[in-house]
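One structure is given below, encoded as structure tokens.
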Amino acid sequence: MAHDHFEPLGIGAGSLLGGRYDVLEKIGSGAMSAVYKVIDRSVKNDLIALKLFSPVLTSDPVQLERFRNEVSITRKLTHGHIVRTFDFGCTEQSYYYMTMEYVGGASLAQILRYHGRLDFNDTIRI
């Protein structure tokens, strides 16, 4: 079965987004967004994740406002199981984005491909 993935045009390793985010690599994508590992030039070259939203999502002003509110609300949350969000903006290519804490390691899909089905204790831990 084919999966549609959002592929932002002209954005990849070496790109500069929002005048401050150096793209290192793409780390994931889905139908409505793509996520990149970036370095934030303006904050001590911190390593963070940047999520670009498909124009299909952000062309709706109501949906765009929801994303802005999500960043505003989640910036106030601090919990070990919640990824921290930092910023919301628009790139020079007119893609809206949000930045968030970068969490390295394997994805759940990678873990399942490697280990197969997880036992009960590993499932609860995750």
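Some observations on this one:
- Residue list for segment 48-63, filter: within 21 Å of G28 (Cα to Cα) and not basic (K, R): I48, A49, L50, L52, F53, S54, P55, V56, L57, T58
- Residues located in segment 1-23, provided they are of a type in the set (F, W, Y) and in a strand (DSSP E or B): Y21
- Residue check, G104 under 30 Å from G10 (Cα atoms), out of contact with any Pro (no Cβ under 6 Å at 6 or more places or on another chain) and at pLDDT below 90: yes
Matching residues to (1) buried (at least 16 other Cβ atoms within 10 Å of the Cβ); (2) under 24 Å from G10 (Cα atoms); (3) among the aliphatic types (A, V, I, L, M):
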residue: A31; (1), (2), (3): no, yes, yes
residue: Y36; (1), (2), (3): yes, yes, no
residue: K44; (1), (2), (3): no, no, no
residue: L52; (1), (2), (3): yes, yes, yes
residue: P55; (1), (2), (3): no, yes, no
residue: S59; (1), (2), (3): no, yes, no
residue: V62; (1), (2), (3): no, no, yes
residue: K76; (1), (2), (3): no, no, no
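- All of F88, F120 fail the test of being without any contact (Cβ under 8 Å) to a residue 60 or more places away in the chain and surrounded by 11 or more Cβ atoms within 10 Å (Cβ to Cβ), apart from F88.
- A count restricted to segment 1-23 and to residues that are over 18 Å from D87 (Cα atoms) and aliphatic (A, V, I, L, M) stands at 5.
- Only one of I48, I82 that is of a type in the set (V, I, T) and surrounded by fewer than 16 Cβ atoms within 10 Å (Cβ to Cβ): I82
- Hits in segment 25-41 - residues which are within 15 Å of G89 (Cβ to Cβ) and polar (S, T, N, Q): S33
- Search result, residues across segment 70-126 that are more than 18 Å from the chain's Cα centre (by Cα) and of a type in the set (F, W, Y): Y114, F120
Results for (1) over 22 Å from G104 (Cβ atoms); (2) of a type in the set (F, W, Y), shown as yes or no for each residue.
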site: S15; (1), (2): no, no
site: G19; (1), (2): yes, no
site: D22; (1), (2): no, no
site: E25; (1), (2): no, no
site: G28; (1), (2): no, no
site: A34; (1), (2): no, no
site: N45; (1), (2): no, no
site: F53; (1), (2): yes, yes
site: S59; (1), (2): yes, no
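- Single residue of D22, D119 found to be closer than 25 Å to H5 by Cβ and among the acidic types (D, E): D22
- Filter result for A109 (touching a His at 6+ places or on another chain (Cβ under 9 Å), small (G, A, S) and exposed (fewer than 14 other Cβ atoms within 10 Å of the Cβ)): no
The values are calculated or read from the model by the stated rules, or taken from the named source; none is laboratory data. Computed from a predicted structure; not experimentally measured. Counting neighbours? That spans all protein chains shown, and the Cβs are built from the backbone with ideal geometry, glycine included.
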